[in-house]
Structure formats: structure tokens, C-alpha cells
Amino acid sequence: MTSAPRVPRPGVTIGMVGAVGVLVAVGMVGRSGTGPVPIGVDVGVGVLACAVLAGLPRWPVAAASVLVVLVAFSPAATPPATLAVLLVAQFRPLPTAVAIGLAGIAAHALQGVLRPVDGLPYGWWLLLDVAAHAALVAWGALLRARRDVLHSLLERAHRAETEQAERVAAARSAERTVIAREMHDVLAHRLSLVAASAGALEYRPDAPPEQLARAAGVVRDGVQIALDELREVIGVLRADGTTTGNDRPQPVLGDLAGLVEESRAAGSDVRVDDCLDDPRTLPATVGRTAYRIVQEGLTNARRHAPGAAVHVRLAGRPGAGLEIEIRNPLPDPPIPSWPGGTGLVGLGERATLAGGHLTHRATGGEFRLSAALPWPG
């Protein structure tokens, strides 16, 4: 993760100070033999201006103001004052830069009166004075605008990188949730069938041989199917997002008959009331959600009320919605639950994503799982 860019501060390098010092010296040599002002004044002003220049990075406006005042007394302060106007325009708001520029114009105008330049009329001096300071302020403002644009682009890139990382993390979390929910719905159903059949083998060793063989077959088939489905999930996790010819279609509402037969083969007493009107028009996503709801309802009944009759009711028609109700009597005393508790939470999420809702409650000695899903007309 990259850190946010920072706005640079005005700076004066050693080379810059050296260049300004050379310009100050040249200015003093050029004016040393003219005017009533002794050369010592120009030397003192030049040295003082270079010293003030060192404070320009920390106090740009104050240093520029002092340099502008020194300009009125000696042209030796013109190079440092010129640099100060440029840096203020580059690193401070435009009104501040304009104010310093106007002060520089006024100071040079006063210098033209006190220290006139031979052969240059005062009017031309003022014109050059105004043009030079306007150019300095404009140049500094242009540099400031360019720096602000670059800074804005850097901030945007930093923000886009951060948001992209957050979106990737959210997508990965959503994928993990979907995969965990799918593994729970599939494997919990298979393993509960295996556990129910294994329990029959354990508690009824004196059952007829054909019943024992049938229960052992259910255990063997359930384990094999669970392993196959687990391999499929692991294959999806390892794949690069492409599908293969071995991918099996997701179950839909039409596969409920096979699901009920599996539960009955494991010893569950499942009764189904199918009151659906034209189930072929049910969308595949809604049918898949309905299948998982019934699957989890049968799994919960085997866990918490083994041997109890389970009543499944399906009703609905296009335009009116699909209603699912699964109920089974509560055992007395209650049977300890398996570790878990995320199945019903996952079902609620499935129903919400499909545009419906799911409720569950224990009432009147029964546990009821109810769901309402949309069925477009």
C-alpha cells in the first residue's frame, strides 16, 4: 500500500543561493561608480538580502516582504527579491502572490526614483518593472497549478489503488462465503444421511440381513457422493475460473424427488405435498434456492429429530410466488444438536439473495421452517 503524496514546500538550495550571490555581486559592480550612495550600502544590503534568503523556505511571505523593502534602498537586493516573488507565487495562494508582486513593483518604482539608471527613462523603467513582476507571478502561478494537478492525479491514483484493494478483498470474502455455504449445504446433507444409516447399523445389529445391506449401501454411496462433491469444490478453488466438461449442473426444484428418495432410503419418513401450478416456469435460480431449503430442512430433521416424520409442503403459481414449509415434531427430551448452527443462517442469505425471505420457529410441539420466494408471472 502506497502512502498519500505530500505537497512540497518552497526550498532554496546552495546552488540557488550561490547564483543569487553572483547576481548580487554583478549588480553591485555595475552600480559601484554611480550615484550618491556609497558602495558599502550596496554591499551591506546584498549580504543582508542573502541572509534573509535563507529564511525563505520557512517564512516565505515574511522573507519576501523584507527583501522587497531592501529593494527600495539598493539594486543589490533585486535578485533575492525576484526569487522570493517567484517562490511565493509558486507555493502560496494567488492573492498573496499578487500582493507581494505589487509590493515589489512599488519598491522598484521607488528604487528608480532614488537610484535612476543612466540612459533609461523612468517610464520605461516602470514598464519593465510591471512586466517583470507580472511575469514572475504568472510563472509561479503556472508552476503551482501544474503541481496541484500532479498532486491531484497522485491522490486519485492512490485512492483508486486503495478502493481496488478493498473491492478485491470484498469479492474474495463474498466468494469464500458462497463456497462455505455451498459446502455446508451439500456435505451436511450427505454426511447426515451417512450418520443416520450408520446409526441404524449400530443400534439394530439384529435387523434382517437385507436391511443391514441396504443401510451399508446407503453409507457407501453417501460417502462416495460426498467425496465426489468435495473434489468438485476443491477443483473449483484450484481452477482459474474456467469450467470443464466434468462440471455437474446445479440441482433445481425438479430434483426434489431424488432428494426425498435419498432421505427415505436412509430411514427418514418424508411426506411431500406438491401443490405447485406449472413448476416448469419457475426460474432456475429460485428452483435451486428451493432445493437447498428443502435439503437443509431434511438435514436438520435428521439431526435434531431422527426417526420423526417430516412433512414438506410446496405451493405456488406464477405471479403469486413460491411457498415452502417443512415441519417435524420436536423430540422429547430434546436430542443434543450437532456442532454448527450456520445452516439456517446460510439459508436466510440464499432466500434474501433470491428476493424472498425465510423464517423458522418451534411452536405447538413442532419445528417449522417456512420460506417465500418470488415466482414471476
Practice task
Name the single residue, out of those in the range 67-77 being touching a helix residue (DSSP H, G or I) at 6+ places or on another chain (Cβ under 6 Å) and assigned to a helix (DSSP H, G or I), that is farthest from LEU56 (Cα to Cα).
Solution key: PRO75
Exercise for the section: Please work out if GLY297 is under 30 Å from ALA213 (Cβ atoms) and either part of a loop (DSSP other than H, G, I, E, B) or small (Gly, Ala, Ser) (or both). Expected result: yes
Fill in the blank from the handout: Selection from the range 291-334 of residues basic (Lys, Arg) and either out of contact with any Lys or Arg (no Cβ under 8 Å at 6 or more places or on another chain) or open to solvent by 20 Å² or more (accessible area, probe 1.4 Å) (or both) yields ARG302, ARG303, ARG313, ARG317, ARG327
Problem - Tabulated pairs, the range 119-133, first hydrophobic (A, V, I, L, M, F, W, C), second open to solvent by less than 70 Å² (accessible area, probe 1.4 Å) and in a loop (DSSP other than H, G, I, E, B), C-beta under 7 angstrom, 6+ apart or interchain - result: TRP125/VAL117
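Can you tell me which residue within the range 345-359, out of those that are surrounded by fewer than 19 Cβ atoms within 10 Å (Cβ to Cβ) and among the hydrophobic types (A, V, I, L, M, F, W, C), is farthest from PRO283 (Cα to Cα)?
VAL345
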Problem - Selection count, the range 52-66, where residues are at pLDDT below 80, open to solvent by 20 Å² or more (accessible area, probe 1.4 Å) and part of a helix (DSSP H, G or I) - result: 0
Practice task
For LEU193, state whether it is open to solvent by less than 40 Å² (accessible area, probe 1.4 Å) and at pLDDT below 70.
Solution key: yes
Handout entry: Of all residues making up the range 110-133, the number that are surrounded by 14 or more Cβ atoms within 10 Å (Cβ to Cβ), at pLDDT 85 or above and among the small types (Gly, Ala, Ser)
Key = 1
Completion exercise
Within the range 90-105, the residues that are without any contact (Cβ under 8 Å) to a residue 24 or more places away in the chain and either open to solvent by less than 70 Å² (accessible area, probe 1.4 Å) or over 17 Å from PRO60 (Cβ atoms) (or both) are PRO93, ALA99
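The values are calculated or read from the model by the stated rules, or taken from the named source; none is laboratory data. None of these values were measured; they are calculated from a predicted model. All Cβ positions, even for glycine, are placed from backbone atoms using ideal geometry, and neighbour counts span all protein chains on display. For the accessible areas, the whole protein counts, side chains as well, though only heavy atoms, and no ligand, DNA or RNA atoms are used. Shrake-Rupley method; radii C 1.70, N 1.55, O 1.52, S 1.80 Å.
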